[in-house]
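*Asks:* Here it is, the structure, as structure tokens.
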Amino acid sequence: MRYVLYALLAVICIFVICLAVAVIRAIKIKAKPAEGEGKATYTPEEEAKYAKMLSAMVQVPTISVPESEKAGKEVDISEFDKLQAVMEENFPLIFKNTEITKFEGNILFRWQGKDSTKEPILLMGHQDVVPAAETTWEHDPFSGAIEGGKIHGRGAMDCKCTVCAEMAAVEELLEEGFVPERDVYLAYSKNEEITGGGVYKIVNYLKEKGIRLACAMDEGGGIVDGILPGMEALCAAVGIVEKGTAHLKFTAEGKGGHSSTPPKDTPIARLSAFVCDVEKHDPFTAKFTPALEAMFSHLAPYQTFPFRLLLGNLWLFKPLLKVAMPMVSPMAKAFLQTTCVFTMSGGSEAPNVIPDHAYVVANIRPSIHQDLDECFSILCNIAAKYDIKGEIILGQSASAVVPLDSEELAYAGQCVKDCFPGYCFTPYLVTGGTDCRDYQPVTDNCLRFTPIRMDSQQLAAMHAANENINTDAVAQGVKYYKYFIKNHK
């Protein structure tokens with residue numbers, strides 16, 4: 001008994017010592033107040049000019065349509081032609097002074113630098129937008145209305161603001177007679193929202209030319225408030241990896257029949273049990289990857305003390321956070337593991353007929369540490385208990401991770417600090433998908449970052465009604481891209 005007490009006392013002492021060390025570390029890592037004026041400054045006239053440019057782009061309804069729906073027909077790219085005419089009107093120097101290559105609505109600009117033997121940089125985005133079928137829009141979704149310090153409409157944030165800010169930055173540099181140290185590319189696909197092949201046409205062109213990029217910068221992360229509870233600063237999140245995505249179909253077979261004499265274990269009943277099983281007993285492993293640990297270590301200095309204590313001492317609190325984070329929010333859970341949600345279902349075409357087969361479709365986002373094949377196998381093993389078979393409709397595993405010691409990542413972060421003093425910079429795990437991952441064959445530095453401030457309402461409206469972006473945020477984005485290009489050596 002005495003030895004048990006000694007052991008318990010030793011454990012308590014160790015815990016107290018560890019906690020004291022954690023508290024001291026949390027006190028020491030607090031961020032210092034920002035000093036000086038940022039480089040992303042602009043005039044009211046410039047802000048108004050950029051807003052009008054973006055408004056004109058939003059007014060063109062470049063809704064991407066799956067080519068599969070146009071089987072045997074030529075794909076209509078007339079709206080993309082109209083958008084590019086607006087781009088040429090807004091940015092005439094780009095169209096006069098760069099090499100332009102078009103790929104069925106996709107477009108690539110090459111701005112020649114002083115030394116074309118250096119690996120070029122590529123800024124990118126997409127021209128297409130999702131449909132705007134919602135009925136609760138406060139402004140016409142393709143009006144491009146400028147009201148209340150915001151530009152309203154589909155694509156204002158996702159992602160014509162990116163395209164507009166990048167092109168405005170290059171246009172201004174051309175007006176100033178600036179010549180970049182290395183070539184600069186601008187690349188804009190036409191079907192990112194439907195995971196189309198536009199990006200492949202651009203990437204294959206670069207591969208054929210033997211072009212290796214220093215970096216490719218796309219949408220993905222942004223400048224947001226409240227990325228985690230307890231944040232005391234706006235956060236510039238630069239995505240260094242994106243989770244995978246897949247559509248999985250699970251089918252149950254059975255004997256059909258009349259609903260007046262129903263048997264047990266019909267296809268829909270078994271599918272329902274399967275869905276409930278996956279919902280109630282999450283089958284995927286939660287893990288702190290190096291990318292997530294890097295994100296938390298960058299965020300910790302900008303947190304209030306309780307959160308700084310936790311995030312700044314992962315060596316002690318990681319097991320606790322692994323349990324607590326999924327309870328905090330769906331986003332926190334998505335950082336840790338593969339997610340799965342059932343989004344579609346089908347069965348009989350009549351209410352009084354038992355189907356002989358039925359199905360559900362799941363969308364999963366494979367994590368870095370569990371690839372698509374492993375995730376699919378896990379779900380199939382559960383489905384087998386209910387005599388259900390699965391198939392992969394389409395999908396891919398998580399992207400490669402940008403090295404945490406990457407010079408291009410460090411440079412993007414330094415530009416954040418120079419342009420926006422006091423903002424937190426962090427590497428970021430992107431839970432959605434972008435075109436950027438498809439540039440992996442031509443660069444090790446696929447960065448996902450739009451230097452444009454977004455609040456919670458704007459993030460929630462990305463594929464919903466009332467999409468909008470602040471006029472001053474667009475102006476800040478222009479100046480960031482301008483600084484990024486001008487100082488890239």
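The values are calculated or read from the model by the stated rules, or taken from the named source; none is laboratory data. Treat the numbers as computed from the prediction; the structure is a model and nothing was measured. With ideal geometry, Cβ positions are generated from the backbone for all residues, glycine too; neighbour counts draw on all protein chains shown. Protein only, heavy atoms only, side chains kept; ligands, DNA and RNA dropped before computing areas. Shrake-Rupley method; radii C 1.70, N 1.55, O 1.52, S 1.80 Å.
*Asks:* Within the set of pairs 6+ apart or on separate chains, which have a first residue in the range 436-454 that is open to solvent by 20 Å² or more (accessible area, probe 1.4 Å), a second that is among the aromatic types (Phe, Trp, Tyr), and C-beta atoms under 8 Å apart?
*Replies:* Asp438/Tyr200
*Asks:* I've got another one for you. Among the residues of the range 134-175, write down those that are over 20 Å from Arg453 (Cβ atoms), in contact with a helix residue (DSSP H, G or I) (Cβ under 9 Å, 6 or more places away or on another chain) and open to solvent by 40 Å² or more (accessible area, probe 1.4 Å).
*Replies:* Phe142, Ser143, Glu175
*Asks:* Output the qualifying pairs, or none if there are none: Cβ atoms under 6 angstrom, residues six or more apart or on different chains, first residue in the range 464-483 and under 13 Å from Thr162 (Cα atoms), second residue among the β-branched types (Val, Ile, Thr).
*Replies:* Pairs found: Ile469/Ile151; Ala473/Ile452; Gly477/Ile452.
*Asks:* Residue check, Ala85 against (1) aliphatic (A, V, I, L, M); (2) open to solvent by 30 Å² or more (accessible area, probe 1.4 Å); (3) under 27 Å from the mean Cα position of the chain (by Cα), all met but one. Which one?
*Replies:* (3)
*Asks:* Only residues that are aliphatic (A, V, I, L, M), over 27 Å from Ser399 (Cα atoms) and either modelled with pLDDT under 90 or part of a strand (DSSP E or B) (or both): list them for the range 226-273, please.
*Replies:* Passing the criteria: Met231, Ala233, Ala252.
*Asks:* Follow-up question, since we're still on this one. Considering only the range 348-368, how many residues are touching a residue at least 60 places away in the same chain (Cβ under 8 Å) and open to solvent by 50 Å² or more (accessible area, probe 1.4 Å)?
*Replies:* Result for the range 348-368: 8.
*Asks:* Can you pull out every residue in the range 114-133 that is farther than 9 Å from Arg182 by Cβ and either open to solvent by 20 Å² or more (accessible area, probe 1.4 Å) or at pLDDT below 95 (or both)?
*Replies:* Within the range 114-133, Val130, Pro131, Ala132, Ala133 qualify.
*Asks:* Next question. Return the total of residues in the range 327-347 being open to solvent by 20 Å² or more (accessible area, probe 1.4 Å), in a loop (DSSP other than H, G, I, E, B) and farther than 26 Å from Ser259 by Cβ.
*Replies:* Selection size over the range 327-347: 1.
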